[in-house]
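All remarks here apply to the structure that follows.
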Amino acid sequence: SFLFFGLAVQAQNYQLHSVYIYSFIRYVQWPPGESSSDFVIGVLGDSPLIPHLQKMAEVKKAGNRTIVIKKFNSVSEVADSEIVFMSKESGNQLQGLLSKLKGQSTMIITEEEGMGKEGSNINFVIRNGKLAFELNRAAMDRADLKVSTELSRLAIII
């Protein structure tokens, strides 16, 4: 039963991840651009987060834009995304993804200890048994993403 409980907590965490990600969409400002196009959230690698993001995308919008979820199997496939979520399994590809997206306004979200310091914009971590997130201000500035004060107050700033 411990295994089952662990899986249930993990599933619940990924549902919470999708809630946080929607908050990031609402409290981060991307540079003005093609606002009539879809708002794309890419997921690099296999992740239990995908169905939660798909459910969220069915009922929520990014402003007036439709949210679309795309799965990428490798860094070379990543394209035209406002957000890229890196699964734990793909974490070793962070430097490649950072190189590929250099100069673009793409938010990179990771979920492994130390990834925020390595350059992701937001990194999910567990603190005191609860899901929290690190916010890398320098990475946000490089991507020309403006973070609201409300979001900054909730974050672990690195």
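The values are calculated or read from the model by the stated rules, or taken from the named source; none is laboratory data. The shown structure was predicted, so the numbers you read here are calculated from the model rather than taken from an experiment. Because the Cβ atoms are built from the backbone with ideal geometry, glycine has one as well, and the counts that use them run over all protein chains shown. The protein model used for the area step is the full one, side chains on, heavy atoms only, and it has no ligands, DNA or RNA in it. Shrake-Rupley method; radii C 1.70, N 1.55, O 1.52, S 1.80 Å.
The requirement of being surrounded by 19 or more Cβ atoms within 10 Å (Cβ to Cβ) and either in a helix (DSSP H, G or I) or touching a His at 6+ places or on another chain (Cβ under 6 Å) (or both) is fulfilled nowhere in segment 76-83; no residue meets it.
Looking only at segment 87-105, filter to residues that are assigned to a helix (DSSP H, G or I) and small (Gly, Ala, Ser); which one of those is surrounded by the most Cβ atoms within 10 Å (Cβ to Cβ)?
Going through segment 87-105, the residues assigned to a helix (DSSP H, G or I) turn out to be 88-100.
With the extra rule that they be small (Gly, Ala, Ser), the set shrinks to 90-91, 96, 99.
Details: Ser90: 23, Gly91: 20, Gly96: 15, Ser99: 9.
Per the criteria, the residue is Ser90.
Within segment 41-66, the residues that satisfy the criterion of being in contact with a strand residue (DSSP E or B) (Cβ under 9 Å, 6 or more places away or on another chain), open to solvent by 10 Å² or more (accessible area, probe 1.4 Å) and β-branched (Val, Ile, Thr) are Ile50, Thr66. The single residue among Leu44, Leu97 that is closer than 29 Å to Lys130 by Cα, modelled with pLDDT of 95 or more and in contact with a Phe, Trp or Tyr (Cβ under 7 Å, 6 or more places away or on another chain) turns out to be Leu44.
A quick yes/no check of all residues on (1) at pLDDT 95 or above; (2) in a helix (DSSP H, G or I):
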residue: Ser37; (1), (2): no, no
residue: Val40; (1), (2): yes, no
residue: Leu53; (1), (2): yes, yes
residue: Glu58; (1), (2): yes, yes
residue: Val68; (1), (2): yes, no
residue: Phe85; (1), (2): yes, no
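Within segment 116-141, the set of residues being at pLDDT 95 or above and over 15 Å from Tyr20 (Cα atoms) comprises Gly116, Lys117, Glu118, Gly119, Ser120, Asn136, Arg137, Ala138, Ala139, Met140, Asp141.
Within segment 103-117, which residues are under 21 Å from Glu77 (Cβ atoms), charged (D, E, K, R) and free of Cβ contacts under 8 Å to residues at least 40 places away in the same chain?
Here is the first cut: in segment 103-117, the residues under 21 Å from Glu77 (Cβ atoms) are 103-112, 115.
Still in the list and also charged (D, E, K, R): 111-112.
Across segment 103-117, the qualifying residue is only Glu112.
Would you please name the residue that is modelled with the lowest pLDDT, looking only at residues in segment 1-24 that are under 14 Å from the mean Cα position of the chain (by Cα) and of a type in the set (Phe, Trp, Tyr)? This residue is Tyr14.
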